[in-house]
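The values are calculated or read from the model by the stated rules, or taken from the named source; none is laboratory data. This is a predicted model, so every value here is computed, not measured. Every residue, glycine as well, gets a Cβ built from its backbone with ideal geometry; the counts of neighbours run over all protein chains shown. These area figures cover heavy atoms from the full protein model, side chains too; ligands, DNA and RNA do not enter into them. Shrake-Rupley method; radii C 1.70, N 1.55, O 1.52, S 1.80 Å.
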Amino acid sequence: MLLNDKVFMAWPSRIIFGAGQRAALAPLLKKQGYRNALIVTDTFFTSAASPIIRNLIEALDAVEIRHFVFDGGHPDPTVLLCENAYKLVREKAADIAFDHIIAVGGGSNIDLAKVLSVTLKYGGHPEDYIGEGRLPGKPMTLVAMPTTSGAGSEVTPGAILVAQASSTKVALMGNDLRPSIVVVDPELTLSCPPKVTADAGIDALTHAIESYLTCDSTDFDRGGDPDPGYSGRNHITQLMAGESIRLCFEHLPTAYGNGADLEARTGMAYASLLAAFSYASAGLNAVHALAYALAGLTHASHGSTNAVFLPYVMDSLRTVRRADMAKIGHMAGAGTEMREEQAARHAIVHTRELVESVGIPITLKGFGVTEHDLDTLVSHGLGVSRLTKAFPIQPAESTYRAVVRSAFDGVISS
Ligand SMILES: NC(=O)c1ccc[n+]([C@@H]2O[C@H](COP(=O)([O-])OP(=O)(O)OC[C@H]3O[C@@H](n4cnc5c(N)ncnc54)[C@H](O)[C@@H]3O)[C@@H](O)[C@H]2O)c1
């Protein structure tokens, strides 16, 4: 417990969790008086390969909720995709007065639905709302049904989009963007192929570790905002992050190797949700800042760009976060006889081994990065100031430089 904690948390108002629990959604919506649903998803879920949307539609029909399905979602949604989705829904479903949106899919579809929850209610363009605190009012009610275990967008105040002009990631941010109802049904993740499982699973581990180690709530700069999205780590976020880290280490290898294992899928669904509860209050820092820079350069997936930096950022924090790092080491199986320093190193080495075991490169060279790109990665990472300001070592530049170098060479200090 940290004596001077300053806790500020904003969470969804209904959380439903459990295998098969998606069946509880339609009756809840009926009870709450909703009548017209926009379902936002992608073509995997409307294809013959998946019964998820078919079953959802049957459930909505049974409680007489009218619905329209938009299945144009795409990984890493762009600003343009959101704009086009808005126009298409307006045109094709002009006669429906939507009163809620149900997002079905991974973080990408949930982020697209978040943007639609604003534009369909207030008009305008997605660009109008990019940045912190730029929402014109409360968005349309949003229900999130994640089908991956990782992104955690179902809990966060952000919608992450790719700005196609620069290929960089931008965000709409505000606590009212957090979905009101969250349905985490681990059965929905059973069809995730190994690459999606790996990317999302390491994303969950990154959220947990990064928020476990981030700056304290006492030191977090809220910029005078009385309704901050992120506000630094506190006792509650650490409890959740710690359990999430333990669950990731225990269940990700099996979820990746045997996707049909419902126990591993449930473990990862809990890990993802707990990590999201932690980071969606505590916030993130260097791993995500550098990952955004790498994604801008290579267009590699979100989870993989986090994964390659995670061990090296942990290494850079080994001195200032030694006791916490050692606790992570024990969660990763370090014996109780290990001294704090050894357990801390075990945390870093074990994390990198896990990344490698799920098929993600453990050096920047594995992403095609050259020496020539390293300065750009550092400067673009530093440029994500909302994340960089929460890094426990300030000023961050020389540490970012060392992290990028180590990630390029694949070196963990002894
Ligand atoms: N808003 C936030 O706070 C936040 C946080 C973290 C990440 N993100 C964003 O989330 C995105 C990554 O999300 P993700 O890792 O969940 O992946 P994703 O949503 O990008 O989906 C990746 C692919 O997996 C497929 N897929 C998803 N669930 C499936 C299932 N059950 N079975 C078969 N295929 C399935 C999708 O159809 C898609 O093709 C990135 O765009 C990232 O920027 C947002």
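Key figures for this structure:
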{"quantity": "Proximal charge balance of Ala275 [Cβ under 12 Å; K/R count +1, D/E count -1]", "calculated": "-3"}
{"quantity": "Assigned charges on the beta-carbon of Lys, Arg, Asp, Glu; segment 322-414 dipole about Cα centre (debye)", "calculated": "240"}
{"quantity": "Charge-dipole axis of segment 194-409 as Lys and Arg at +1 and Asp and Glu at -1 on Cβ define it, positive-most pick from Leu377, Phe220, Gly335", "calculated": "Gly335"}
{"quantity": "Dipole of segment 194-409, positive end: most advanced residue of Ala271, Ala198, Ala289 [Cβ charges, Cα centre]", "calculated": "Ala289"}
{"quantity": "Contour excess over end-to-end distance, with Cα ends at Asp261 and Glu337 and 0.36 nm allotted per residue", "calculated": "24.0 nm"}
{"quantity": "Translational D in µm²/s for segment 14-189 (Stokes-Einstein at 10 °C, 1.306 mPa s, Kirkwood Rh from C-alpha pairs)", "calculated": "100"}
{"quantity": "Proximal charge balance of Val404 [Cβ under 14 Å; K/R count +1, D/E count -1]", "calculated": "-3"}
{"quantity": "Kirkwood hydrodynamic radius (C-alpha pairs) into Stokes-Einstein, segment 91-211, 4 °C and 1.567 mPa s, D in µm²/s", "calculated": "86"}
{"quantity": "Positive-end residue, the chain charge dipole about Cα centroid, Cβ charges, pick of Ile360, Met325, His125", "calculated": "His125"}
{"quantity": "Label-point separation in nm, Asp225 to His330, each point 7 Å along Cα→Cβ", "calculated": "3.5"}
{"quantity": "Cβ-Cβ FRET estimate between Thr254 and Phe17, R0 fixed at 22 Å, reported to 0.05", "calculated": "0.65"}
{"quantity": "Mean separation of Cα contacts under 8 Å (6+ apart) over length of segment 14-189, as relative contact order %", "calculated": "27"}
{"quantity": "Mean residue ellipticity (222 nm) of the chain, computed from DSSP H runs ≥ 4 via -39,500 (n - 2.57), nearest 500", "calculated": "-15500 deg cm²/dmol"}
{"quantity": "Relative contact order (%) - segment 286-414, alpha-carbon pairs under 8 angstrom, separation at least six", "calculated": "34"}
{"quantity": "Separation in nanometres of the label points that stand 7 Å from Cα toward Cβ, at Leu88 and Glu356", "calculated": "4.2"}
{"quantity": "Relative contact order (percent, whole number), the chain, Cα cutoff 8 Å, 6+ residue spacing", "calculated": "15"}
{"quantity": "Computed FRET value (nearest 0.05) for Leu28 with Leu190, which takes r as the C-beta separation and R₀ as 22 Å", "calculated": "0.45"}
{"quantity": "Rounded to the nearest 20 debye, dipole of the chain from Cβ charges on Lys, Arg, Asp, Glu", "calculated": "480"}
{"quantity": "Packing-based order for 85-93, 107-115, 210-218, using average beta carbon neighbours within 10 Å, highest first", "calculated": "107-115, 210-218, 85-93"}
{"quantity": "Potential lengthening between Leu80 and Tyr122 on full extension [0.36 nm per residue; Cα-Cα distance subtracted]", "calculated": "13.4 nm"}
{"quantity": "FRET efficiency for Gln394 and Thr43, using Cβ-Cβ distance with R0 set to 41 Å, rounded to 0.05", "calculated": "0.35"}
{"quantity": "Rounded accessible area per residue of segment 99-166, 1.4 Å, Å²", "calculated": "27"}
{"quantity": "Assigned charges on the beta-carbon of Lys, Arg, Asp, Glu; segment 14-189 dipole about Cα centre (debye)", "calculated": "380"}
{"quantity": "Alpha-carbon spread of the chain, three principal axes, descending order, Å", "calculated": "64, 45, 42"}
